[in-house]
Amino acid sequence: MARRLSLDHLTVVDAGPVHLVELARASGCDGVCLFLAPMDVLPLMPRFDLYGDRRQRTALQQALAAHGVALDLVYPFTLTGRTDLASFATAMDCAAELGAGALNLLVYERDPARRVDRVGGFADMARGFGLNVAVEFYPPSQIGSLGAALDLVAQVGRPGTVGINVDLLHLMRSGGTIAELATAPAGTILYAQIADGPALAPVDAAHEASSQRLLAGKGAFDIAGFVQALPPGCPVSVEIPRDHLVAAMSPIDRATQAVASVRAMIQ
């Protein structure tokens with residue numbers, strides 16, 4: 001049986017929420033990873049307002065149901081030293097109403113003790129909305145590696161509700177290994193994201209992560225080994241932004257090509 005895949009919003013960053021769901025179904029994906037709100041650092045993303053426009057939220061709910069597509073993971077949730085946890089209430093309420101599987105969390109809090117306490121507080125708040133939390137390690141953040149994420153999740157101590165989102169690009173760029181992933185404690189890996197990349201990181205690693213990844217099989221990453229190292233049933237998304245092609249290739253062609261490249265590597 002073919003592995004269930006989800007389509008990440010960055011793969012078709014120029015798509016609105018409903019269009020993303022349509023593209024997921026058309027490209028053979030059963031889930032989506034969605035930005036609940038557009039971000040200034042993603043200028044190609046269209047403007048939409050799921051928080052304030054009830055009609056847009058209803059339209060997305062209807063699209064998810066009509067196409068049989070699940071909302072696996074939602075962004076953006078970023079925790080810094082100055083973040084007021086109460087400011088997440090609107091986004092969490094929206095995520096819960098849409099039936100999101102988990103909130104993706106990036107952690108920039110510098111103080112180790114406060115970091116554990118505040119991630120725990122964030123998780124407790126999310127749990128009040130019936131939501132799980134997937135901490136995404138990202139080299140520029142304060143949780144920059146799989147090892148750091150494993151330590152944080154262990155200290156937070158909320159098994160089953162707080163775990164890790166493992167992005168293959170971040171794993172490789174942080175110096176992690178697939179062997180390290182394979183030995184992660186049971187229950188800690190909640191989600192995984194796939195893209196390919198060259199063996200050597202480009203000078204602008206942040207641009208690579210958000211805008212310029214390679215199709216599966218076009219780089220140096222061991223994609224098949226990565227998937228085999230994931231726990232059974234771990235959801236997997238296709239996160240292959242190629243912003244240089246937005247003007248030249250349609251969203252459906254970019255989505256279909258990205259998904260097909262991943263399927264070819266993991267079957």
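No value in this document is a laboratory result; all are computed from the given coordinates. Predicted model only: the values in this text are computed from it and were never measured. Methodologically, a virtual Cβ is constructed for each residue, glycine included, from the backbone with ideal geometry; neighbour enumeration extends over all protein chains shown.
Things worth noting here:
- Loop-located trypsin sites (Lys or Arg not before Pro) in the range 32-112 whose Cβ has at most 15 other Cβ within 10 Å (DSSP): Arg47, Arg82, Arg110
- Amide proton proximity set for Leu44, modelled H, under 5 Å, gap of 5+: none
- Burial ordering of Cys234, Cys29, fewest other beta-carbon atoms within 10 Å first: Cys234, Cys29
- Sites Ala2 and Ala179 - FRET efficiency at Förster radius 30 Å, r taken between beta-carbons, to 0.05: 0.70
- Ordering Cys33, Cys94 from the fewest to the most neighbouring beta carbons within 10 Å gives Cys94, Cys33.
- Working from label points 7 Å from Cα in the Cα-to-Cβ sense, the Arg110 to Arg55 distance is 4.6 nm.
- Förster radius 35 Å - calculated FRET efficiency between Leu200 and Ala96, Cβ distance, rounded to 0.05: 0.25
- Selected from Val238, Phe129, Gln62, residue furthest toward positive end of dipole (the chain; charges at beta carbon): Gln62
- In nm, spacing of pseudo-spin labels at Ala26 and His244 (7 Å Cα→C-beta vector): 2.5
- The range 5-266 - charge dipole about Cα centre, Lys and Arg +1 at Cβ, Asp and Glu -1, debye rounded to 20: 160
- The calculated FRET efficiency for Asp151 paired with Ser87, based on their beta-carbon distance and R0 = 30 Å, is about 0.70.
- Cα centroid separation, the range 71-131 to the range 24-53: 18 Å.
- CD proxy at 222 nm, helix term only [per DSSP H run n ≥ 4: -39500 (n - 2.57); per residue of the chain; nearest 500]: -11500 deg cm²/dmol
- Which of His170, His9 has the fewest Cβ neighbours within 10 Å, and the rest in rising order: His170, His9
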